[in-house]
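As structure tokens, the structure follows; a few thoughts come after it.
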Amino acid sequence: MSQNRYSSEFENQALVKVRERADKSVGTIAQELGLPVEALARFRRALGISPDYANAHRNLAVVQYEQAVQAAFRDVADALSARRWLAKQVQVQGDAPLAQAFAARITAAAVPSGASGSMVIAR
């Protein structure tokens with residue numbers, strides 16, 4: 001009976017190790033494939049099975065760091081895009097008075113004095 005209990009305990013411990021390593025391996029593969037959400041889930045699951053599993057802690061931290069870096073790059077790209085758009089808008093607004101003055105000169109030259117103020121522009 002005692003040998004059976006030890007055998008069962010050994011099998012349980014072996015099963016725990018297999019599960020934690022399987023989750024860690026699948027997490028590592030997911031990380032390499034660029035699937036951080038799946039990798040995080042697998043590393044967390046491995047830690048749920050064995051909270052002292054140092055490799056899972058390290059891999060979890062690496063994935064979280066990579067996500068933070070990717071988020072920072074996205075934020076910078078968004079800010080640069082917004083800055084370019086704003087610069088273009090400032091340029092367009094700065095060019096508006098020149099365009100209005102040019103249109104006024106063309107209108108004044110095209111419409112003789114005393115003529116109707118409406119003008120049809122051909123395209």
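The values are calculated or read from the model by the stated rules, or taken from the named source; none is laboratory data. Please read these numbers as outputs of a predicted model, since none were measured by experiment. Quick reminder, even Gly has a Cβ in these numbers, built from the backbone with ideal geometry, and neighbours come from all protein chains shown.
Of all residues being among the hydrophobic types (A, V, I, L, M, F, W, C) and closer than 12 Å to residue 27 by Cα in segment 55-73, which is farthest from the chain's Cα centre (by Cα)? Just the residue, please. Among them, the one singled out is 56. Of the residues making up segment 58-79, those that are under 18 Å from residue 21 (Cβ atoms) and touching a helix residue (DSSP H, G or I) at 6+ places or on another chain (Cβ under 7 Å) are 59, 60, 63. If you go through segment 43-67 and keep only what is surrounded by 10 or more Cβ atoms within 10 Å (Cβ to Cβ) and of a type in the set (A, V, I, L, M, F, W, C), you end up with 43, 46, 47, 49, 56, 60, 61, 62, 63.
The set of residues in segment 68-110 that are of a type in the set (Lys, Arg) and at pLDDT below 90 comprises 88, 105. When you look at residue 41, is it in contact with a Gly (Cβ under 8 Å, 6 or more places away or on another chain), without any contact (Cβ under 8 Å) to a residue 60 or more places away in the chain, of a type in the set (Gly, Ala, Ser) and closer than 29 Å to residue 12 by Cα, yes or no? Answer is yes for this residue.
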